[in-house]
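Below: the structure, in structure tokens.
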Amino acid sequence: MFDHARDNYPDFKLFISMDLWAAGSVKKGLDDFDDLLRNYIGHAAYYKGPNGYPFISSFADGGVHNTTWMDWRNKWSNEIYFVPDFDGSKGYYLSDPSWWEYWGDVIDGIFSWESTWPLRGHTDTSSWKNELYVREGAFSNEKAYMMGLSMLQYKNSYDTNLYRAGEDNLSWRLFNLQQMRPAPEYIEILTWNDGPESHYIGNIWPEQNNETDPTRYATQADFPHNGIRPLLSSFISSYKAGKEIMEPPTGEDAVGALWYKSIHSSTVCPDTDALISKKPDGYSAASDVLTWAVIVSSIGGPYSIRGFSGGQELQTFYLTAGYNFGTFSSLQEGDQRMELLDASGNVVMAASGGRCVTSTCPDGIYNLNPQILELTMDTSEKTCSEPITDMYPPISTTATWGTRLFGFKYVLPRSASS
């Protein structure tokens, strides 16, 4: 991957984020990452921090004391730029002075993973109070802040079955990032952690693992998430350029997407003793809505957006130049569609197709991985695809060798030069 980036995309850089919980309940030691770091931090495709040293992050602090982390820094002659996820440590979210006294010398910046979504069972997707405290603490202590960006967290594998909203979580975070002052120096788009968490934005690559159940809900064929990328790309370009109003690519009326869960709240799945068959922890937070986000051009217009669900026309929203977002209610079984209308009421772009919404349980689980439909110039009436209801064997509590699905993390610095 590093060689491919160097040879084909010299401006695209990668960095290593150490997952200190990668071995499950056994904490990974910092020494376990030494060979990996030595092999890559000098690579031409490795991303460097503003101090010119290799950028390194982490998932969790691993319960490691600050003195151990300092010893680790010194191992690299202190020639690193370290922006870890220490959000599980006491005092982090309040940016307590004692936290900074304890950790300040260890880090060059801080990163929050868990604050990317509401707590389980909560629906306060618009809230970003914790983010403000942490960002202000980083700023006052002359440290960088890297903020997480993600659609949702839905994971039904590795002895975990949980859901964290979801719906308009991504929409609100894009909006809040534009409002945050001082703005985060870095944004990390979360795509995977230790397993299939449904917030991937790219291709899903196969890797050997001892669980097949993730393929019930995380597959490129049935649940592609490519449709969100044009929206994110426009956000990235606008954010790096420091623009107050987001813009679609030059010459385009708009970019955007429509997303929704493909089961209805009335869905009842067969209940077995297996955890995978249960409703996810936090399931009550999932709503029967269609979520949309659109960035429209300041040239032309005015534009409006119209939603349909199950053949029923829902709301119409009038748009302003730049970033617009919201939800259509309520989600009905069948086709889902969104149309962008010009000032004369003509349909100029549409998002349609995808998987049909159903009140049945085609995957044998309460599948909350969203369908994402990209807004395109194709305004034809696409029909949704009916899920195959007998493609999965009965749920078994015995793991068998199969396919592991995983992805990547993407980071974008606010500086346009990176």
Per the filter on the stretch 286-308, residues of a type outside the set (Ser, Thr, Tyr) and part of a strand (DSSP E or B) are LEU290, TRP292, ALA293, VAL294, ILE295, VAL296, ILE305, ARG306, GLY307, PHE308
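Could you list, in sequence order, the residues of the stretch 286-311 that are hydrophobic (A, V, I, L, M, F, W, C) and modelled with pLDDT of 95 or more?
ALA286, VAL289, LEU290, TRP292, ALA293, VAL294, ILE295, VAL296, ILE305, PHE308, listed by residue number.
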Tally time: how many residues in the stretch 362-373 are part of a strand (DSSP E or B) and either crowded, with 23+ Cβ neighbours inside 10 Å or free of Cβ contacts under 8 Å to residues at least 40 places away in the same chain (or both)? 2
Matching residues in the stretch 221-238 - criterion: being modelled with pLDDT under 95 and either aromatic (Phe, Trp, Tyr) or in contact with a helix residue (DSSP H, G or I) (Cβ under 6 Å, 6 or more places away or on another chain) (or both): PHE223
Within the stretch 28-49, residues in a loop (DSSP other than H, G, I, E, B) and modelled with pLDDT of 95 or more come out as ILE41, GLY42, HIS43, ALA44, ALA45, TYR47, GLY49
Among residues of the stretch 253-285 being among the hydroxyl-bearing types (Ser, Thr, Tyr) and part of a loop (DSSP other than H, G, I, E, B), the residue modelled with the lowest pLDDT is THR272
Can you give me the number of residues within the stretch 331-355 that are more than 21 Å from ALA221 (Cβ to Cβ) and either in contact with a helix residue (DSSP H, G or I) (Cβ under 6 Å, 6 or more places away or on another chain) or of a type in the set (Lys, Arg) (or both)? 1
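Just to be sure I understand, how many residues within the stretch 255-275 are small (Gly, Ala, Ser) and surrounded by 23 or more Cβ atoms within 10 Å (Cβ to Cβ)? First the steps, then the outcome.
Taking the stretch 255-275 first, the residues small (Gly, Ala, Ser) are 256-257, 262, 265-266, 274.
Of the ones still in play, those that are also surrounded by 23 or more Cβ atoms within 10 Å (Cβ to Cβ) are 256-257, 262.
Number of matching residues: 3.
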Taking the stretch 50-84 and keeping residues over 25 Å from ASP3 (Cβ atoms) and in a loop (DSSP other than H, G, I, E, B) leaves PRO50, ASN51, ALA60, ASP61, GLY62, GLY63, VAL64, HIS65, SER77, ASN78, PRO84
For TYR283, indicate whether it is of a type in the set (Phe, Trp, Tyr), crowded, with 19+ Cβ neighbours inside 10 Å and on the phi < 0 side of the Ramachandran plot. no
Give the number of residues within the stretch 111-157 that are touching a helix residue (DSSP H, G or I) at 6+ places or on another chain (Cβ under 7 Å) and part of a strand (DSSP E or B). 8
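Can you give me the number of residues within the stretch 1-27 that are aliphatic (A, V, I, L, M) and either under 18 Å from TYR186 (Cβ atoms) or modelled with pLDDT of 95 or more (or both)?
Looking only at the stretch 1-27, we keep the residues that are aliphatic (A, V, I, L, M), and these are 1, 5, 14, 16, 18, 20, 22-23, 26.
Narrowing the set further to residues that are either under 18 Å from TYR186 (Cβ atoms) or modelled with pLDDT of 95 or more (or both) leaves 5, 14, 16, 18.
Of the residues in that region, 4 qualify.
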Go through the stretch 253-276 and report how many residues are touching a Gly at 6+ places or on another chain (Cβ under 7 Å) and under 18 Å from PRO214 (Cβ atoms). 1
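The values are calculated or read from the model by the stated rules, or taken from the named source; none is laboratory data. Computed from a prediction, not measured in an experiment: that's the story for all the values here. Please note: Cβ atoms are built from the backbone with ideal geometry, for glycine as well, and neighbour counts cover all protein chains shown.
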